[in-house]
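One structure below.
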Amino acid sequence: MKVKSFYLPQLHNGEHAAFHEESLEQLHRADPAQLNVTEEVATYGNAVNEQKLTMDVFAASELSPESARRDRRRDLACSAFKAYLKVYANDEDSVLSEAAERLLFVVRKSALDVGNPIHLGLVKETVTINSLLRNLEPFGADIERIGATGRLNELAAANRSFEELQIERNLEKAGKHSGNVKAARVVTDAAYTSVMERINAQALLQGDEIFDAFIRKQNVVVDKYAAIAAQRRGNAKKQKVEKSNNE
């Protein structure tokens, strides 16, 4: 009996962190000293903690009252801009209605035209609005023609205000701890592999029930996350097929 091998890079960041936290917990429950991996587990524990700190730096900022206020401001600005275009799209003056329709076409090609912008998520909404602003640049004449410059400027200012707050927060976090999530994952995976390879080798040589008991429990953890990854791949494949059938 041995700990099953598992391709860890396939896990998303949250899943990856949870897998290692559960694995580390299993090791501590089994007692690293009895498994004769005290040093390896200490190294692994440090790597898991370092990865957590690194991920915290780049995690989405908490929705504080200030960030919530700025987010509401840009949501309202976005809704107002879209509503303004729709009013002019129905104008009796064909010059104005056609200008508004050209602008609406650009908006509809973006992810903002899905209803409430907040459903996009904070980071994605920032990126999407910035992309929309760039795509609207060639339509300056149409924007001026229907008098939408002020509303568009308000949307740009509101989005920039929110983005600046997030950058400020990330810099503040980075001052406490910096790093690269991808690099931290590699170190954690290597430490995990080192522990499990040593346990597998000792289990093969000694055949002790202490090792077998740990391996059985750890394989449950491995199977759990392998199933999560497999389900995600299956859902992605299903959505791809459904999208293809609907086209």
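The values are calculated or read from the model by the stated rules, or taken from the named source; none is laboratory data. Everything quoted here is computed from the prediction, not taken from an experiment. Cβ atoms come from the backbone with ideal geometry, glycine included; neighbour counts cover every protein chain shown. With ligands, DNA and RNA removed, areas are computed over all heavy atoms of the protein, side chains included. Shrake-Rupley method; radii C 1.70, N 1.55, O 1.52, S 1.80 Å.
Below, the figures for the structure above:
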item	result
Point-to-point label distance, Val95-Tyr7, nm (Cα→Cβ direction, 7 Å offset)	6.1 nm
HN-Hα J in Hz across the range 219-231 - Karplus 6.51, -1.76, 1.60, θ = phi - 60°, x for Gly and Pro	5, 5, 5, 4, 4, 4, 7, 5, 5, 4, 5, 5, 5
5 angstrom amide H check on Lys2, placed H, neighbours 5+ away	none
Residues with amide H under 5 Å from that of Asp208, placed H, sequence gap 5 or more	none
Protein-only accessible surface order, largest first, of Glu39, Glu101 at 1.4 Å	Glu39, Glu101
In Hz, Karplus ³J(HN,Hα) per residue of the range 68-81 (6.51, -1.76, 1.60; θ = phi - 60°; x = Gly, Pro)	5, 5, 5, 5, 4, 4, 6, 4, 5, 5, 5, 4, 5, 5
Accessible surface of the range 4-102 [probe 1.4 Å, protein heavy atoms]: carbon and sulfur percent	52 percent
For the range 1-21 and the range 132-169, distance of Cα centres in Å	42 Å
Rounded to the nearest 10 Å², the accessible area of Met196 at probe 1.4 Å	10 Å²
